[in-house]
Amino acid sequence: MLSLLLDAAWMTLGLALASLVGGMVLALAFSAAELSKQRALVWPVATLTTLIRGLPELLVVLFIYFGSTQVLFLITGEYVEFSPFACGVLALSLLFASYATQTLRAALNAVPTGQRLAAQALGLGKGHTFFRIVLPQAWRHALPGLGNQWLVLLKDTALVSLIGVNEMMRQAQMASASTYQPFTWYAAAALIYLAISLVSEFGLKQASRYTRRYGG
């Protein structure tokens, strides 16, 4: 049973990391859209992030899992069941991005305008300026907030157990049901969550120290 719980812990960590990568990509795209001057980009993104933040996380997971199947059925007339893991990653990525977008937008606004003007005076393109000059400086401001959101994301992985992903909470539940020792297995899961969180906090402190070193 313990080996199964450890395997589920790796599944939880993989789910969280995949959602982090997907969420960061979405957050960068959403932040760029909200900072743009085109209303056709600003309003849809603002509406989507507001909607996601206004719903319970569990409902977002359920809507993505069951809604994707329903939408495809309405379009094609065929019933296709999507991977619970893929739906879980998508749901958690959207949840992470909806909050991280605000953090990144504030961090990007914190970079002095003179940095962009200087890059423009040197003839650098907007893309080069954003990825090579503005974004590296914005990380220093964004990292504390993103670190907290990563810890929240790690705990939110427990939600996808309801759609069939064999992550740590689901495995702990099955182990407690078969052994009639719920406290033992839930306590073991709690210790693993705590260990991952402590390692994450240590890594975030080191990353924050590194960005301050070069951030002035």
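Hey, does the stretch 112-132 have a residue that's open to solvent by 80 Å² or more (accessible area, probe 1.4 Å), farther than 30 Å from GLY164 by Cβ and outside any helix (DSSP H, G or I)? Checked against the condition, which is being open to solvent by 80 Å² or more (accessible area, probe 1.4 Å), farther than 30 Å from GLY164 by Cβ and outside any helix (DSSP H, G or I), the stretch 112-132 yields at least one hit. When THR184 is tested against (1) touching a Phe, Trp or Tyr at 6+ places or on another chain (Cβ under 7 Å); (2) open to solvent by 60 Å² or more (accessible area, probe 1.4 Å), just one condition goes unmet, and that condition is (1). Does VAL165 meet the test of being in contact (Cβ under 8 Å) with a residue 24 or more places away in the chain, within 25 Å of LEU26 (Cα to Cα), open to solvent by less than 30 Å² (accessible area, probe 1.4 Å) and outside any helix (DSSP H, G or I)? Yes, satisfied. Taking the residues in the stretch 36-77 that are in contact with a helix residue (DSSP H, G or I) (Cβ under 6 Å, 6 or more places away or on another chain) and more than 24 Å from LEU104 (Cβ to Cβ) as candidates, determine which candidate is surrounded by the most Cβ atoms within 10 Å (Cβ to Cβ). This residue is TYR65. Within the set LEU94, LEU26, LEU72, the sole residue that is within 25 Å of LEU194 (Cα to Cα) and part of a helix (DSSP H, G or I) turns out to be LEU94.
The values are calculated or read from the model by the stated rules, or taken from the named source; none is laboratory data. Since this is a predicted model, take the numbers as computed values, not measurements. Quick reminder, even Gly has a Cβ in these numbers, built from the backbone with ideal geometry, and neighbours come from all protein chains shown. Heavy atoms of the whole protein, side chains included, go into the accessibility calculation; ligands, DNA and RNA do not. Shrake-Rupley method; radii C 1.70, N 1.55, O 1.52, S 1.80 Å.
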